[in-house]
Amino acid sequence: MTRDTLGRPLRNLRLSVTDRCNLRCQYCMPEEEYTWLPRNDMLTFEEMAHLVDVFADLGVDKVRLTGGEPLLRRDLDRLVRLLAGNPRLRDLAMTTNGVLLAEQGEALRAAGLHRVTVSLDTLREDRFKALTRRDTHARVLEGIEAVGRSGWPGLKLDTVVMRGVNDDELADLIEYAGRVSAEVRFIEYMDVGGATNWSMERVVSRAEMLSRLEARYGRIAPIVEETSAPADRFRLPDGRVFGIISSTTEPFCRSCDRSRLTADGMWYLCLYATRGMDLRHPLRAGASRDELVSMIRARWQGRTDRGAEARLEMPERRPLVQIAELKRDPHLEMHTRGG
Ligand code: SAM
């Protein structure tokens, strides 16, 4: 196990397979135009699987495919099959917006994907359209329901909660999750990447979410568990469980074991990191496995950052990166590094 200066293990890799997306969520991709990563820079599936195997040498045993929208990467099931064949990976998951899930879910499951998380911010079609600037709400629900019906275990729904946008739907989403055999996780709106419209006023804190849900359901009990998962989980009086990811108001840097690899092979230690490590160039220049392992190990072992906690200590908070910088370096975008 490779640990950093705070004792955090390198265990959990989020692998972004594309920077393209078929939605334009206000909190992630609010602009009209984007600078995309050059196509030739995209890692092939073989390159991705090789890098994942190098990370596995250092202790990574959990991989989550993300994007952009991972289902836009053609033949994704082929990558899943390559990764599922790696016996060192205990957990192979994917985060998707669900638009193409009804079409592709079964093939991915057959290829060996263990579980799926679908981002679902609203149950209302009109709100979905306003939030994402696309008209595909019904397809998302279809995708979620197809997973529920097929009995594929481990389905989660992720909801970014924004004041005045969808914060009146917390209970509705808990009810819906129950109907499709999923667990919902409410995510605090974060000031990362392309969230150029972010402001603290729009954040609904974990404390506020809990007090609103208690008013509706009665006493909510925290579930005590030793995990590095970003969500803290809670139980309603009737036994139903939901999660909250409170990266903005109660960050969890000290127990975070995640790092991120972009589709063009830049490795980031934190969502808030402004610099990453380029693994594509050494890989394509013929670096050996041992050379890649040493580079990655040295970077992780020297790590001291606590991105979200450092943000919390700032007296005045505004979006992390300004538009001009995002245009100059798309790696700073959330849709490039995968959320
Ligand atoms: N396209 C896929 C999806 O929609 O799940 C995967 C990529 S998306 C960048 C991953 C996650 O990041 C989604 O759950 C999304 O809601 C979340 N996300 C993006 N911007 C965010 C922000 N400003 N605050 C909190 N979560 C955000």
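Evaluating residue 181 against the criteria (1) outside any helix (DSSP H, G or I); (2) within 14 Å of the ligand (Cβ to nearest atom); (3) open to solvent by 10 Å² or more (accessible area, probe 1.4 Å) leaves one unmet condition, (2).
If you go through segment 192-209 and pick out every residue that is within 12 Å of the ligand (Cβ to nearest atom) and either in contact with a Ser or Thr (Cβ under 7 Å, 6 or more places away or on another chain) or within 24 Å of residue 236 (Cβ to Cβ) (or both), you end up with 2. A single member of 32, 47 is more than 16 Å from the ligand (Cβ to nearest atom) and without any contact (Cβ under 8 Å) to a residue 12 or more places away in the chain, and it is 32. Count of segment 77-125 residues, restricted to those that are away from the ligand (no atom under 16 Å from the Cβ) and touching a strand residue (DSSP E or B) at 6+ places or on another chain (Cβ under 9 Å), is 9. Looking across segment 219-269, the residues that are modelled with pLDDT of 95 or more, among the hydrophobic types (A, V, I, L, M, F, W, C), open to solvent by 10 Å² or more (accessible area, probe 1.4 Å) and within 26 Å of residue 70 (Cα to Cα) come down to 245, 266, 269. Within segment 1-34, the only residue that satisfies the criterion of being among the small types (Gly, Ala, Ser) and under 30 Å from residue 130 (Cβ atoms) is 16.
Of everything listed in (1) open to solvent by less than 20 Å² (accessible area, probe 1.4 Å); (2) within 29 Å of residue 77 (Cβ to Cβ); (3) touching an Asp or Glu at 6+ places or on another chain (Cβ under 8 Å), the single unmet condition for residue 150 is (1).
The values are calculated or read from the model by the stated rules, or taken from the named source; none is laboratory data. Please read these numbers as outputs of a predicted model, since none were measured by experiment. Cβ coordinates were reconstructed from backbone atoms using ideal geometry, including for glycine residues, and neighbour counts include every protein chain displayed. Keep in mind that these areas ignore ligands, DNA and RNA; they rest on the heavy atoms of the full protein, side chains included. Shrake-Rupley method; radii C 1.70, N 1.55, O 1.52, S 1.80 Å.
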